[in-house]
Amino acid sequence: MQQKKMALFLLGIGLTANLSACLGKYYHAWPMLPLNTGMYLLPLCLSVILFLTKLKNEQWSAMLPVLICLMSLAALFFPKDYYLPFIMSKTIFSYIFFISGVVGRSFFFIAALKALQALIFDNKKTKGDSPGRNAGMVEWVVWGFVFWTISMFAGGIWSYLGWGSPVVWEDPAITTTMATWFYYTCFLHLYLRRVWNLNKRLIFAAAGGILVFILNCYPEMGIFRIPDLKWLRCLIF
Amino acid sequence: MAKMFNFLKIVWKLAGSINLTIALLMLLVFDLSAGFICLKSNLSIFIPLNDVGLIAWLDTYGINYLQYTAWFFLLLVLLFLLAVNTFVCTTDKVVILFRNRFYYRSQIKFILNFAPHIIHYAFVVILAGYLVSYIFAVNLPANILLPEKSILIPGTGYKIKLNKLNIEYYKGQRLNFFQDRAINPEAEILLTDANGITVKKTISVNRPARFKGYSIHLEDFAPKSRTSMQKQKYVNLIIHNDPGIHLYFCGMFLFVLGMLMYLYRWYRP
């Protein structure tokens, strides 16, 4: 119990630090959009989900905190946020595009973890197509899909307002965004039409997490850099 | 005749098969992932796609750089097949739903059952919108306007003139890197149609103006900074006539509507 409280306390501190860093980035870019901050917002979003669901006593395996730690380390050591914001991003649609995308991505990760959890741990308890095994995971995918779609549509509107066309072939990320959307469209069809058995669907959802990382997180990461800890040195000495 | 009918029935059934849907969606994922690699290293091949339109692009860049653009050709084929598959499958389901309408006690439940079908049709409408855009849209990039000078919109009798360019420069402490740089450019343009009737419009970044079916977007402007060497004021406009955009936005609206209906059905007590 003591350990759990301590873990929640430390998570709360990390969450506050990440939140203040993200708010700082937005403060220093508003009304424009701070670029390439998705990798910072992602662990924040995952932590908020973990924190809120923990308050509701939802059981998570250690995988989610581990994922949050890995994402935070990736954001810390592979930063790509050194580009200055540009005035084309000065619209509400760019914000909807960006934030919905991060929320959607987080939900897909959670769904992948839930699927992995069902594959590894729940297999011991229940076998076969018992509906309870994937109930939680599907909901996360549905909401992830909703946010991802909103993000794509907002991106389309932004692109039309700024460049005159809803699809502009100036950013390769357009293909990975579409690939992710089609992947989860495929998952929803597999789930709703019961095309594959539950185990295969769970593997598909778990593989989705790897796909989301490769297609949507990896391109947002920069080269390896040791973080500048000048402020920390000033603080200590 | 009966043979022909049976053959068409088989084709229709195959075209709407769920296995085909899954196969197409997975192929799209692989194709788009391959597209990312090709696009990342050869962006300059794909950028003109928006300027010259699909047919001209396929005929030039598409054919000549096939090693980098093959995925795009495959994408078009896969999207076409997916649109056909979606249409056939959804139409089958809608027909069944209509046939069974008398079994529904609640009108709302019956309507809510259309949610996935609305989403599917909306997807087809969005794809149709893209296709119409890429084939029939007229895109006129790089229209440089100097103050008090007018130019003709090519292919029309319409004139466009830059009346005023107001650039607001950032002055503050919060955005240090943006000091004295343009934060809010506003161009006042005069648009004259073939009958000589002139209207005044204001455009800005992400705030286009519409005129006789054309949309006019601010792509670039100068001077961008109060201290820059470039003192000559100008704006660079993208002029676009896109008949597919309404279809695209209509599809988008339908998709969101279908999604909301679906979520309502999902969480309905």
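One residue alone among B:ALA34, B:ALA23 is farther than 22 Å from A:ASP171 by Cβ and assigned to a helix (DSSP H, G or I), and that residue is B:ALA23. In this entry, B:PHE80 passes the filter for residues that are assigned to a helix (DSSP H, G or I), under 28 Å from the mean Cα position of the chain (by Cα), without any contact (Cβ under 8 Å) to a residue 60 or more places away in the chain and more than 13 Å from every other protein chain (Cβ to nearest Cβ). Check A:LEU50, A:LEU46 and return the single one that is open to solvent by less than 50 Å² (accessible area, probe 1.4 Å) and touching a residue at least 40 places away in the same chain (Cβ under 8 Å). Within the list A:LEU50, A:LEU46, the selection yields A:LEU46.
Scanning segment B:168-214 for residues that are within 11 Å of chain A (Cβ to nearest Cβ), open to solvent by 30 Å² or more (accessible area, probe 1.4 Å), within 16 Å of B:ASN236 (Cβ to Cβ) and not basic (Lys, Arg) yields a total of 1. Within segment B:209-246, which residues are more than 19 Å from B:THR198 (Cα to Cα) and basic (Lys, Arg)? Result: B:LYS224, B:ARG226, B:LYS231, B:LYS233. Do we find a residue being out of contact with any strand residue (DSSP E or B) (no Cβ under 9 Å at 6 or more places or on another chain) and more than 30 Å from B:TYR121 (Cβ to Cβ) anywhere in segment B:229-250? Scanning segment B:229-250 turns up at least one residue that is out of contact with any strand residue (DSSP E or B) (no Cβ under 9 Å at 6 or more places or on another chain) and more than 30 Å from B:TYR121 (Cβ to Cβ).
Taken over segment A:161-176, residues that are facing chain B (nearest Cβ under 7 Å) and outside any loop (DSSP other than H, G, I, E, B) amount to 5. Residues of segment A:181-192 that are buried (at least 21 other Cβ atoms within 10 Å of the Cβ) and more than 8 Å from chain B (Cβ to nearest Cβ): A:TYR184, A:PHE187. Residue under question is B:LEU247, and the condition is that it be surrounded by 19 or more Cβ atoms within 10 Å (Cβ to Cβ), at pLDDT 90 or above and within 30 Å of B:PHE110 (Cβ to Cβ); does it hold? Considered against the rule, which asks whether it is surrounded by 19 or more Cβ atoms within 10 Å (Cβ to Cβ), at pLDDT 90 or above and within 30 Å of B:PHE110 (Cβ to Cβ), B:LEU247 comes out as yes. Only one of the numbered conditions (1) crowded, with 17+ Cβ neighbours inside 10 Å; (2) touching a Gly at 6+ places or on another chain (Cβ under 7 Å); (3) modelled with pLDDT of 90 or more is not met by A:PHE78, and that is (1). If you check B:PRO48, B:PRO116 for being touching a helix residue (DSSP H, G or I) at 6+ places or on another chain (Cβ under 9 Å), surrounded by fewer than 16 Cβ atoms within 10 Å (Cβ to Cβ) and within 13 Å of chain A (Cβ to nearest Cβ), only one passes: B:PRO48. Evaluated against (1) open to solvent by 80 Å² or more (accessible area, probe 1.4 Å); (2) at pLDDT 95 or above; (3) β-branched (Val, Ile, Thr), A:ILE223 falls short on exactly one condition, (2).
The values are calculated or read from the model by the stated rules, or taken from the named source; none is laboratory data. Computed from a predicted model, the values in this text were never measured in an experiment. Methodologically, a virtual Cβ is constructed for each residue, glycine included, from the backbone with ideal geometry; neighbour enumeration extends over all protein chains shown. Accessible surface is based on the protein model in full, side chains and every heavy atom, while ligands, DNA and RNA are left aside. Shrake-Rupley method; radii C 1.70, N 1.55, O 1.52, S 1.80 Å.
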